[in-house]
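Structure, as structure tokens:
The values are calculated or read from the model by the stated rules, or taken from the named source; none is laboratory data. The model shown is predicted, which means the values in this text are computed figures rather than measured ones. As a convention, Cβ positions derive from the backbone with ideal geometry for all residues, glycine included, and neighbour counts pool all protein chains shown.
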Amino acid sequence: MLTSGFNKYAIRYLTIKRVSSARLTLGKTKKGNDMNDIQTKKTNNSIAKKSKRNTKSLAIWTSAWLVSLAIVAFGPVLLWDYHQAISLCTIGLNVIMGYKMIMANKQHLEDLDELQQRIHLVAMAMSLGVSIVFGAVYGLLESIRLVEFQPDPSGVLFVMGISYAVSMILAHRKYS
Amino acid sequence: MKNRFKVLRAERDWTQADLAAELDVSRQTIIAIEKGKYDPSLSLAFKAAKLFEMPIEAIFQAPESI
């Protein structure tokens, strides 16, 4: 009698356990789908995260390079009265910062997706072409006596930056 | 090249952001592909085929001139 009662409870327990196990499996499957969604969001974050991290790194190293360039430009005049050793050290620092900035930019480009890489490639090609054309003519302006002043090479940098930005905007518009 | 990205995405009730995340590309890339303004690379096409569980030719149709 006692054994039969025990068996009854045991069977009921096992049935409940099976049902809950099945429910748990279903739950797990649903959870699995949820996990997929989470994974999706994670992946989404991964490209966004990479972009954010690379942009931050690029901003930091570009700022560092600019500051070091300003030190090279104004330090000898304002701080150390053209002391050559100090100037050489700051130039060395500037080159290191420049290298880090270039590497950060390279990493930023490598982590972009294929369309973004193409957009940057087009912008770089346009920027390079415009800079070469502009730089070549700009360099001749004084020698052919169209202008009185000595052309400043940094002017080419402005043209490069502006043409790059304009090309980026145009390429983004083309693909959106 | 024509593609069925938009239809297949809609059938699965995915947003552009969901699909972009699955293919590990930006949303802009998905928009450009859906509008036919950009043809994806072979590796991205294979990735999409795997994701949609379809052969590549069922997703992308070559232009008639080819």
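Among residues of the stretch B:21-55 being among the charged types (D, E, K, R), part of a helix (DSSP H, G or I) and within 12 Å of chain A (Cβ to nearest Cβ), the one that is surrounded by the most Cβ atoms within 10 Å (Cβ to Cβ) is B:GLU22.
In the stretch A:78-176, which helices (runs of 4 or more DSSP H) lie fully inside it and hold 3 or more residues that are touching a strand residue (DSSP E or B) at 6+ places or on another chain (Cβ under 6 Å)? Don't jump to the end; show me each part of the working.
Details: elements: A:84-110, A:114-140, A:154-174.
In the stretch A:78-176, no matching helices (runs of 4 or more DSSP H) lie anywhere.
Could you tell me which of the residues A:LEU146, A:LEU115 is within 23 Å of A:SER51 (Cα to Cα), touching a helix residue (DSSP H, G or I) at 6+ places or on another chain (Cβ under 9 Å) and of a type in the set (A, V, I, L, M, F, W, C)? Only one candidate qualifies: A:LEU115.
Do you know which residues across the stretch B:3-20 are assigned to a helix (DSSP H, G or I) and within 14 Å of chain A (Cβ to nearest Cβ)? Reasoning before the result, please.
Here is the first cut: in the stretch B:3-20, the ones assigned to a helix (DSSP H, G or I) are B:5-11, B:16-20.
Correct list: B:PHE5, B:ARG9, B:GLN16, B:ALA17, B:ASP18, B:LEU19, B:ALA20.
Might you check whether a residue that is in contact with a helix residue (DSSP H, G or I) (Cβ under 9 Å, 6 or more places away or on another chain) and within 30 Å of A:VAL166 (Cβ to Cβ) occurs anywhere in the stretch A:79-94? The answer is yes, given that some residue of the stretch A:79-94 is in contact with a helix residue (DSSP H, G or I) (Cβ under 9 Å, 6 or more places away or on another chain) and within 30 Å of A:VAL166 (Cβ to Cβ). Condition (residue is assigned to a helix (DSSP H, G or I), more than 14 Å from chain B (Cβ to nearest Cβ), surrounded by fewer than 16 Cβ atoms within 10 Å (Cβ to Cβ) and modelled with pLDDT of 55 or more) applied to the stretch A:10-32: is it met by at least one residue? No; the residues of the stretch A:10-32 include none that is assigned to a helix (DSSP H, G or I), more than 14 Å from chain B (Cβ to nearest Cβ), surrounded by fewer than 16 Cβ atoms within 10 Å (Cβ to Cβ) and modelled with pLDDT of 55 or more. Where residues in the stretch A:78-124 are among the hydroxyl-bearing types (Ser, Thr, Tyr) and surrounded by 15 or more Cβ atoms within 10 Å (Cβ to Cβ), which of them is nearest to the other protein chains (Cβ to nearest Cβ)? Per the stated criteria, the residue is A:THR90.
For the stretch A:132-148, the count of residues that are within 27 Å of the chain's Cα centre (by Cα), charged (D, E, K, R) and surrounded by 13 or more Cβ atoms within 10 Å (Cβ to Cβ) is zero.
Name the one entry in A:MET160, A:MET101, A:MET126, A:MET97 that is under 22 Å from the mean Cα position of the chain (by Cα), over 30 Å from B:ILE33 (Cβ atoms) and in contact (Cβ under 8 Å) with a residue 40 or more places away in the chain. Don't jump to the end; show me each part of the working.
Values: A:MET160 fails: in contact (Cβ under 8 Å) with a residue 40 or more places away in the chain; A:MET126 fails: over 30 Å from B:ILE33 (Cβ atoms); A:MET97 fails: in contact (Cβ under 8 Å) with a residue 40 or more places away in the chain.
Of the residues listed, the single one that is under 22 Å from the mean Cα position of the chain (by Cα), over 30 Å from B:ILE33 (Cβ atoms) and in contact (Cβ under 8 Å) with a residue 40 or more places away in the chain is A:MET101.
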